[in-house]
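Structure, as structure tokens:
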Amino acid sequence: MIRSRVNRDRSPTAAGASLRVQRAGHGSTALRRRLWREFVRNRLAFVGALYLAVILAVAALAPAVAPYAPNKQDLISRLDPPSAEHWLGTDEAGRDELSRLVYGARVSLSIAVMGTVGGVVLGTALGLGAGFFGGELDNLTMRVVDVMYAFPGILLAILIVAVIGPSLFNLVIALTVFSTPTLARIVRASVLSLKPREFIEAARAIGATRPRIVFRHLVPNTLAPIIVHATLSVAGALLTAAALGFLGVGVQPPTAEWGAMLSAGQEYMRNASYLVTFPGLLIFVTVLSVNLVGDALRDALDPYLR
Amino acid sequence: MDRSMHARDVIEAALQTPGSRRAFLRRAMLALGVAMPPVSGLLLGPGLPRAMAAAGKGGTVTVPATASPTSWDLTKSDWITWGAVNYLYDRLLDADEKENLRPMLATTWSVSKDGLTYTLKLRRDVKFHDGTPFNAAAVKFNFERHLTNKNSRYFPDFEAIDHVETPDDATVRVVLKTVNADMPYNFAGWGAIQLSPTTTQRLGSDYASHPVGTGPFKFQAYVPDSHIEFVRNDQYWQKPPVLDGLRVNILPDLNVEMDNLQAKTLDALYYINPKDVDGVKKMGAAVEARAVPGAQFISMNVTQEPTSELAVRKAIARAVDRDAMIKKLLYGYAVKARAGASPTSHYYNPDVLMVNYNPGEAAKILDEAGWKLGPDGIRQRDGKRLALNLLSTTFQDWSLYNQVIQEQLKAVGIDSKITSLEWGTYLDTWRENKNGWNITYHSQGSVFASTAVLECSWQPNAFWNICQIRKSTDPQIQRLSQQLQSIADQVLATPDPAKRRDLAKQAQTLYQENQLTVWLWHGESLTGLQPYVKDYDMQWHGRVVGFTRAWLNK
């Protein structure tokens with residue numbers, strides 16, 4: 001859903017955002033000031049960013065934060081409700097739910113971020129190549145992207161994992177492929193709008209090489225829409241990773257991952273509802289926070305929305 | 001008769017007496033109150049319980065199925081399919097709870113002295129739902145529909161049949177190529193359901209649109225992935241069912257089934273997870289627990305290192321705490337397995353070695369085999385870590401069992417990596433020895449305990465063989481495989497129960513001595529039924545509920 005939203009609604013304005021960056025030249029201080037203003041003005045985005053900072057810190061410091069080892073089983077304490085000993089209770093194998101959520105944050109966020117970064121790198125490369133060189137390369141790239149669009153994202157991800165097998169690395173590959181097409185289109189659109197502009201013409205006129213034009217002039221000016229889309233993509237990737245984990249094709253047990261925990265907890269909904277409540281809540285709040293931050297970034301970077 | 005005449009007089013008097021509408025209704029109610037017990041008694045027969053007469057005839061029972069039937073003619077089959085379609089059909093023979101064979105569509109059966117010819121005498125008063133008669137030609141047709149279809153699930157059951165003779169309409173002679181002492185049980189199994197030859201031939205591959213048998217209920221409607229409707233067969237050769245009909249709601253999610261049971265939109269619930277038993281009882285439903293012929297075990301792959309090594313297999317068997325798993329994961333609804341045959345089985349033998357949880361002994365066996373504890377707590381030999389590929393699946397609780405097994409193995413220094421696959425892929429991977437798997441939790445059931453000396457596919461040539469023994473290239477394992485297959489062949493050719501028991505002991509001993517499998521437990525089938533469902537019949541060791549005589553006390 002997020003992917004299509006970005007693709008259909010954000011692309012034109014994202015392209016506009018690149019104009020703004022270009023107008024500002026390399027005024028990164030101004031950009032930072034504008035971002036800060038936006039986050040101060042937009043309280044929800046500020047809370048979202050704060051939440052993300054906390055959850056990232058918790059994920060990074062998991063061994064210090066988690067009270068127990070995430071896979072340590074204690075069948076005697078199986079399905080114990082929240083207590084002083086186990087703040088969020090224990091799961092079906094007697095593992096501490098809080099510790100698994102903490103370690104699960106590491107896995108879930110890493111998968112989402114790495115999948116998105118992979119998509120950004122691949123999508124940017126494809127979009128730059130297609131937009132800058134045009135012609136047959138553009139045609140071919142965009143048709144490949146069209147084919148990728150023909151599959152619903154989650155189905156494409158399931159297909160990839162089914163073919164290459166379930167593992168953390170393969171999940172990242174699936175999410176990379178999942179988020180590549182939209183990025184490729186956004187970057188291509190930005191490049192096409194930038195190519196005829198005077199500063200690019202000027203660079204050509206003074207004899208700048210193609211790599212210099214691409215990496216010194218085009219890439220910096222497409223960064224704004226990329227950042228906006230990538231942020232929103234993290235939310236999509238997080239949801240997709242959770243969905244794949246829920247379907248049992250994500251990370252392998254006993255690794256703690258929010259989607260897989262939600263899936264395992266579903267069986268015990270009647271006996272231990274907290275096993276679905278906490279992972280579900282974490283996925284929901286994290287995705288919401290990423291979206292709030294993404295929206296704030298878009299508001300800050302898009303000149304048409306100011 | 002006197003009472004019903006009296007009742008008619010009362011009704012006539014009430015109708016003839018002039019008066020207000022309210023007075024008429026009062027008199028009508030009085031008349032009905034007097035008339036109904038004898039009338040319903042006449043309709044329902046004197047043998048039925050008084051409470052049932054009061055509750056009245058009819059109603060529909062709704063039961064769940066977690067999936068649509070895989071086939072309607074049972075050429076493919078599983079318990080879910082059988083639970084959904086069995087109401088349509090009868091078999092040649094039936095079996096009671098203790099697996100004593102008894103007549104069904106065949107009234108008698110006998111075997112020749114050489115064990116090669118079975119003679120079945122058939123009932124003459126049976127008609128298929130399409131009105132055509134059930135006779136010897138129909139039985140021959142039904143044997144041949146399996147024998148001419150190698151893909152039929154029941155082809156192996158009847159493979160030993162050479163030909164079928166029909167000397168008259170009510171006699172069938174089944175002539176075998178080789179002796180098969182289990183054949184009478186095959187006559188009582190799902191492969192022996194009788195389909196109408198007329199309808200089956202007329203509809204061909206479209207048979208599922210209107211399946212026809214001789215059973216207590218007739219097909220009414222089927223909406224794939226939604227529901228199946230059956231109606232009472234008023235021409236049933238036994239006493240027709242009391243219920244008007246039966247509905248199967250296809251509900252893949254067990255939580256949804258539980259919700260439906262609570263809302264009383266389901267009258268029964270099959271395969272309850274032990275953790276949900278208390279919840280089902282709190283809903284007011286009764287829970288029936290039955291020991292099921294079958295075994296739950298750790299399947300070990302003898303073709304892959306390191307489980308090709310006996311010491312490793314023995315250590316695994318001693319590292320798993322089955323008592324804790326039965327108590328905490330199965331809530332006690334299982335008995336600890338000795339050697340593959342459950343304590344209620346004719347083939348259970350207390351003299352066969354039972355391997356118990358003993359992590360100290362597991363460690364000693366591994367130490368002696370040269371697997372020494374490494375700095376990371378995992379054993380090593382010649383620089384190689386003792387690590388297993390633990391195959392798992394998302395099916396039911398199997399992933400949980402595998403995770404618990406993984407942790408228990410780790411405690412004795414055996415590392416394992418879980419690969420969890422979707423059910424279909426898992427089964428293919430497991431059976432076809434793909435991906436180099438070493439161990440996996442597995443479960444197999446058998447239809448009859450009387451035919452299953454180990455209650456699972458232990459024979460090397462079995463389609464679902466549990467330890468890949470036939471595929472091993474190790475000469476010692478190959479010899480063991482031939483030995484086991486020879487025992488399996490002898491079991492089939494031996495009708496004498498005592499001799500079969502001896503053969504079972506030999507097979508069980510070989511399995512235990514060579515630790516081909518880690519026997520975990522024998523689970524129970526748990527079924528929930530609404531308290532108002534009366535006189536149901538727990539069939540197939542509780543895996544299916546029969547509703548032929550059932551009625552609703554609502």
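The values are calculated or read from the model by the stated rules, or taken from the named source; none is laboratory data. The model shown is predicted, which means the values in this text are computed figures rather than measured ones. When we count neighbours, we look across all protein chains shown, and the Cβ atoms used for this are built from the backbone with ideal geometry, even at glycine.
Which is within 14 Å of chain B (Cβ to nearest Cβ), touching a residue at least 24 places away in the same chain (Cβ under 8 Å) and within 30 Å of A:VAL251 (Cβ to Cβ), of A:VAL177, A:VAL161?
A:VAL161
Name, by its number, the condition in (1) within 38 Å of the chain's Cα centre (by Cα); (2) more than 14 Å from chain A (Cβ to nearest Cβ); (3) without any contact (Cβ under 8 Å) to a residue 24 or more places away in the chain that does not hold for B:PRO359.
Of everything listed in (1) within 38 Å of the chain's Cα centre (by Cα); (2) more than 14 Å from chain A (Cβ to nearest Cβ); (3) without any contact (Cβ under 8 Å) to a residue 24 or more places away in the chain, B:PRO359 misses just condition (3).
Determine the pairs where a residue that is more than 14 Å from chain B (Cβ to nearest Cβ) and buried (at least 19 other Cβ atoms within 10 Å of the Cβ), located within the range A:70-97, has a partner that is at pLDDT 95 or above and part of a helix (DSSP H, G or I) with Cβ atoms under 6 Å apart, the partner being 6 or more residues away or on another chain.
Within 6 Å, the pairs are A:LEU88/A:GLU97; A:LEU88/A:LEU98; A:LEU88/A:PHE278; A:GLY89/A:GLU97; A:GLY89/A:TYR274.
Test B:ARG338 against the stated conditions and say whether it is surrounded by fewer than 23 Cβ atoms within 10 Å (Cβ to Cβ), in contact with a Leu (Cβ under 9 Å, 6 or more places away or on another chain) and either within 14 Å of another protein chain (Cβ to nearest Cβ) or not in a loop (DSSP other than H, G, I, E, B) (or both).
No, not satisfied.
Could you identify the single residue in B:PHE158, B:PHE141 that is surrounded by fewer than 20 Cβ atoms within 10 Å (Cβ to Cβ), of a type in the set (Phe, Trp, Tyr) and over 21 Å from B:GLN238 (Cα atoms)?
Only one candidate passes the filter, namely B:PHE141.
Give me a count of the residues in the range B:106-120 that are more than 28 Å from B:SER345 (Cβ to Cβ) and in a loop (DSSP other than H, G, I, E, B).
Within the range B:106-120, residues that are more than 28 Å from B:SER345 (Cβ to Cβ) and in a loop (DSSP other than H, G, I, E, B) number 3.
The conditions are (1) part of a helix (DSSP H, G or I); (2) among the β-branched types (Val, Ile, Thr); (3) more than 13 Å from chain A (Cβ to nearest Cβ), and B:VAL277 fails exactly one of them. Which is it?
B:VAL277 satisfies all of (1) part of a helix (DSSP H, G or I); (2) among the β-branched types (Val, Ile, Thr); (3) more than 13 Å from chain A (Cβ to nearest Cβ) except (3).
Do we find that B:ILE487 is in contact (Cβ under 8 Å) with a residue 60 or more places away in the chain, of a type in the set (Val, Ile, Thr) and either farther than 20 Å from B:ALA95 by Cβ or buried (at least 23 other Cβ atoms within 10 Å of the Cβ) (or both) in this structure?
Criteria not met by B:ILE487.
Would you check which residues across the range B:319-333 are within 27 Å of the chain's Cα centre (by Cα) and either within 12 Å of another protein chain (Cβ to nearest Cβ) or touching a residue at least 60 places away in the same chain (Cβ under 8 Å) (or both) and list them?
Of everything in the range B:319-333, those that are within 27 Å of the chain's Cα centre (by Cα) and either within 12 Å of another protein chain (Cβ to nearest Cβ) or touching a residue at least 60 places away in the same chain (Cβ under 8 Å) (or both) turn out to be B:ARG322, B:ASP323, B:ALA324, B:MET325, B:ILE326, B:LYS327, B:LYS328, B:LEU329, B:LEU330, B:TYR331, B:TYR333.
May I ask you to verify whether A:ALA237 is crowded, with 19+ Cβ neighbours inside 10 Å, more than 14 Å from every other protein chain (Cβ to nearest Cβ) and either touching a Phe, Trp or Tyr at 6+ places or on another chain (Cβ under 8 Å) or among the acidic types (Asp, Glu) (or both)?
Considered against the rule, which asks whether it is crowded, with 19+ Cβ neighbours inside 10 Å, more than 14 Å from every other protein chain (Cβ to nearest Cβ) and either touching a Phe, Trp or Tyr at 6+ places or on another chain (Cβ under 8 Å) or among the acidic types (Asp, Glu) (or both), A:ALA237 comes out as yes.
Check A:LEU247, A:LEU262 and return the single one that is within 12 Å of chain B (Cβ to nearest Cβ) and either of a type outside the set (Gly, Ala, Ser) or within 18 Å of the chain's Cα centre (by Cα) (or both).
After ruling out the rest, the residue left standing is A:LEU247.
Does at least one position in the range B:466-473 carry a residue that is in contact (Cβ under 8 Å) with a residue 40 or more places away in the chain, more than 25 Å from the chain's Cα centre (by Cα) and in a helix (DSSP H, G or I)?
Scanning the range B:466-473 turns up at least one residue that is in contact (Cβ under 8 Å) with a residue 40 or more places away in the chain, more than 25 Å from the chain's Cα centre (by Cα) and in a helix (DSSP H, G or I).
Would you list the helices (runs of 4 or more DSSP H) that sit entirely within the range A:45-157 and hold 3 or more residues that are among the small types (Gly, Ala, Ser) and more than 19 Å from A:THR277 (Cα to Cα)?
Hits in the range A:45-157: A:97-133.
Among the residues of the range B:303-311, is any assigned to a helix (DSSP H, G or I), within 30 Å of B:TRP371 (Cα to Cα), touching a residue at least 60 places away in the same chain (Cβ under 8 Å) and more than 14 Å from chain A (Cβ to nearest Cβ)?
Yes, the range B:303-311 contains a residue that is assigned to a helix (DSSP H, G or I), within 30 Å of B:TRP371 (Cα to Cα), touching a residue at least 60 places away in the same chain (Cβ under 8 Å) and more than 14 Å from chain A (Cβ to nearest Cβ).
Being more than 16 Å from A:GLY115 (Cβ to Cβ) and either touching a Ser or Thr at 6+ places or on another chain (Cβ under 8 Å) or among the acidic types (Asp, Glu) (or both) narrows it down to one residue among A:ALA241, A:ALA157, A:ALA224; which is it?
A:ALA224 is the lone residue from the list that is more than 16 Å from A:GLY115 (Cβ to Cβ) and either touching a Ser or Thr at 6+ places or on another chain (Cβ under 8 Å) or among the acidic types (Asp, Glu) (or both).
Could you look through the range A:261-281, keep only residues that are of a type in the set (A, V, I, L, M) and in contact with a helix residue (DSSP H, G or I) (Cβ under 6 Å, 6 or more places away or on another chain), and pick out the one that is farthest from A:LEU52 (Cα to Cα)?
This residue is A:MET269.
As an exercise: evaluate A:ALA241 against (1) of a type outside the set (Lys, Arg); (2) part of a loop (DSSP other than H, G, I, E, B); (3) farther than 20 Å from A:PHE133 by Cα and give the number of the one condition it does not meet.
If we test A:ALA241 against (1) of a type outside the set (Lys, Arg); (2) part of a loop (DSSP other than H, G, I, E, B); (3) farther than 20 Å from A:PHE133 by Cα, just (2) comes out false.
Going through B:ILE298, B:ILE316, B:ILE250, B:ILE272 one at a time, which residue ends up being among the hydrophobic types (A, V, I, L, M, F, W, C), under 30 Å from B:PRO216 (Cα atoms) and away from every other protein chain (no Cβ under 14 Å)?
B:ILE250
Kindly indicate which of A:ARG188, A:ARG216 is in a helix (DSSP H, G or I), more than 28 Å from A:LEU98 (Cβ to Cβ) and either within 14 Å of chain B (Cβ to nearest Cβ) or at pLDDT 95 or above (or both).
Being in a helix (DSSP H, G or I), more than 28 Å from A:LEU98 (Cβ to Cβ) and either within 14 Å of chain B (Cβ to nearest Cβ) or at pLDDT 95 or above (or both) holds for just one of A:ARG188, A:ARG216, which is A:ARG188.
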